[in-house]
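The values are calculated or read from the model by the stated rules, or taken from the named source; none is laboratory data. Because the structure is a prediction, the values reported are computed rather than measured. Cβ placement follows ideal geometry from the backbone for every residue including glycine, while neighbour counts extend to all protein chains displayed.
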């Protein structure tokens, strides 16, 4: 339409000109040149219009997101706690310890690591502490599927959903696949740093970022974990924000400890362990309404690992006999031993048998091995990491020792003492009528 009007006015002016001047002879080439120059001018105007609109849109969205972020930091993320009250085991001392970490003073210059085996309730406790502290605490739940990492960061900082502009779509088509792209992780860290400056200027203390479930990173994309750790170190140096990493024991603390960025980690790290016997019995008897004699057998089988206590309690309350519940637990552990190649004819059977023997040595009342003693069994770090990551043994960074991963693993070893050349169990579970 613009082009038609342009040509109309051109020919109109030409006609007016011919009324007072001798007729001009316009060649075909001249006409084409005029047509092309007019078309280019109009297209340039249209493109400028859309680009200007995109710039305005980007600026508005940036200001909107910045406002959302500042509001989110002020009140904190306050993650939801998805657990019923009748199955929740209160651990006020652990929560208070986490809350102390989440409330740093203005000159705090360390980042933190909170470790705990899978099923100890560390995520629930971290969420409770984050919600109770509120102000200045951003909680990021790392997803198992890392393709959703950008959404996890966006959810944590309450960003509006990104909508790609028309110009952005054109540019993406023009770009080659080899064009370097800024990772979502790097963009999120840049955003965190900006928010931390605003927060500290107002409150005179650094904000806190909690990265939960970082164990997913070490297995699927350890470079992202390294980036987060490096940024946590630099931010601690500059007193901008304090990072808290929540993870399972094993590969994550080992990797983080081996890097130079560990120099700014607060040591010893905090470890969330199993419930005590008293806490476990209270859970089984008072919350799950299981008789004391049966509760004791269940505790002897799986110990104070809350996720396992819940599972065996559920099965027992459904009417399953204890021996059936016990067999299910030990069968599951045996599959783990098989996957780890720690059974006869397995790659690590002999090494595993020696480690188990040392852990159950009569002189070793704590059933612990120093990490240095554990390390002596391996000639390569890769082998050590493979065995340690098999969920049979567990590394505890707070004490720098290795133990059995759980009570159920220890129970399996005692039930199969002949396989591992160890004495029979004094804790062997016997059915009581």
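Given the structure, is residue 61 at pLDDT 85 or above and either in a loop (DSSP other than H, G, I, E, B) or out of contact with any helix residue (DSSP H, G or I) (no Cβ under 9 Å at 6 or more places or on another chain) (or both)? It is false that residue 61 is at pLDDT 85 or above and either in a loop (DSSP other than H, G, I, E, B) or out of contact with any helix residue (DSSP H, G or I) (no Cβ under 9 Å at 6 or more places or on another chain) (or both).
Specify the residue that is surrounded by the fewest Cβ atoms within 10 Å (Cβ to Cβ); the eligible residues are those in region 254-264 that are within 16 Å of residue 396 (Cα to Cα) and in contact (Cβ under 8 Å) with a residue 40 or more places away in the chain. Explain how you work it out, then say what you get.
Start the filter on region 254-264 by keeping residues that are within 16 Å of residue 396 (Cα to Cα), which leaves 254-258.
In the following step, the residues that additionally are in contact (Cβ under 8 Å) with a residue 40 or more places away in the chain were identified as 254, 256-257.
Details: 254: 18, 256: 24, 257: 14.
Residue satisfying both the conditions and the ranking: 257.
Tallying residues that are surrounded by 16 or more Cβ atoms within 10 Å (Cβ to Cβ) and not in a helix (DSSP H, G or I) within region 273-282 yields 3. Of the residues making up region 95-117, those that are crowded, with 20+ Cβ neighbours inside 10 Å and either outside the structural domain of residue 196 (by TED's automatic domain parsing) or out of contact with any helix residue (DSSP H, G or I) (no Cβ under 7 Å at 6 or more places or on another chain) (or both) are 101, 104, 117. Would you confirm, using the coordinates I've provided, whether residue 358 is surrounded by 14 or more Cβ atoms within 10 Å (Cβ to Cβ), part of a helix (DSSP H, G or I) and in contact with a strand residue (DSSP E or B) (Cβ under 7 Å, 6 or more places away or on another chain)? Spelling it out, residue 358 is indeed surrounded by 14 or more Cβ atoms within 10 Å (Cβ to Cβ), part of a helix (DSSP H, G or I) and in contact with a strand residue (DSSP E or B) (Cβ under 7 Å, 6 or more places away or on another chain). The number of residues in region 283-294 being in a helix (DSSP H, G or I), closer than 17 Å to residue 86 by Cα and in contact (Cβ under 8 Å) with a residue 12 or more places away in the chain comes to 3.
Every residue in region 125-148 that is over 19 Å from residue 72 (Cα atoms) and buried (at least 19 other Cβ atoms within 10 Å of the Cβ), please. Full working, then the answer.
Pass one, region 125-148, residues over 19 Å from residue 72 (Cα atoms): 125, 143-148.
Hit for region 125-148 is 125, nothing else.
Assigned to a loop (DSSP other than H, G, I, E, B) and more than 28 Å from residue 293 (Cα to Cα), is that true of residue 385? Break it down into steps so the answer makes sense when it comes.
Numbers: assigned to a loop (DSSP other than H, G, I, E, B): no; more than 28 Å from residue 293 (Cα to Cα): yes.
Spelling it out, it is not the case that residue 385 is assigned to a loop (DSSP other than H, G, I, E, B) and more than 28 Å from residue 293 (Cα to Cα).
Residue by residue through region 108-136, note down the ones that are touching a strand residue (DSSP E or B) at 6+ places or on another chain (Cβ under 7 Å) and over 30 Å from residue 388 (Cα atoms). Within region 108-136, 108, 130, 136 meet the criteria.
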